[in-house]
Amino acid sequence: MTNEIKYHKGSGNIFEDLGFDDPVEMQAKARLAGKISQLLKEEKLTQVKASKLTGVAQGDLSKIINGNFSGFTIDRMFSILLKLGQDIDIDIHPAKNAPSNINFAMA
């Protein structure tokens, strides 16, 4: 009898590991939701005050903070962050497993 513990190494994206549809988008939304939650705590904003500041219903902010963000677009979450005084930078770089030559068609 061995005491070996069996495990499965994760992909780095819990949503992919759990079989969610569109795990990349879900992970991005989770990061944005985490930042929104962090900002509210740091600024000591209640959900009611944050609702007035952002124009987002208090119930919707509650959903985001509690990890129920599947009904929210990334654009809407960006808008909330902008209204909370944040700048947003988007970094585009080759994927880890991307082919080295990618052709783009411009219309």
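Please treat every number below as a calculation from the coordinates, not as lab data. Here the structure is a predicted model, which is why all the values come from computation and not from measurement. No Cβ is skipped: glycine too gets one built from the backbone with ideal geometry, and neighbour counts run over all protein chains shown.
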Normalised contact order of the chain, rounded percent, pairs of Cα under 8 Å and 6 or more residues apart: 21
Quick one: 3J(HN,Hα) in Hz for the stretch 10-20, Karplus 6.51/-1.76/1.60 with θ = phi - 60°, rounded, Gly and Pro as x. x, 7, x, 10, 4, 5, 5, 4, 8, x, 5
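Looking at the stretch 1-71, which trypsin sites (Lys or Arg not before Pro) are DSSP coil and have at most 10 other C-beta atoms within 10 Å of their C-beta? Please list the in-between numbers first.
On the way: sites: 6, 9, 29, 31, 35, 41, 44, 49, 52, 63; in loops: 6, 9, 44.
The qualifying sites are 6, 9, 44.
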Could you tally the net charge around residue 63, taking each other residue with its Cβ under 12 Å from the Cβ of residue 63, Lys/Arg +1 and Asp/Glu -1? +1
Using Cα atoms only, what is the angle between the long axis of helix 23-42 and the major principal axis of the chain, expressed in degrees (0 to 90) to the nearest 10? 40
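Which entries of 35/63; 6/96; 9/35; 52/83 have Cα-Cα distances beyond 21 Å here? The partial results should precede the final answer.
Working: 35/63 14 Å; 6/96 27 Å; 9/35 26 Å; 52/83 10 Å.
Listed pairs above 21 Å: 6/96; 9/35.
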Between (1) 199; (2) 125; (3) 94, which matches volume of the Cα convex hull per residue in Å³ calculated for the structure shown? (1)
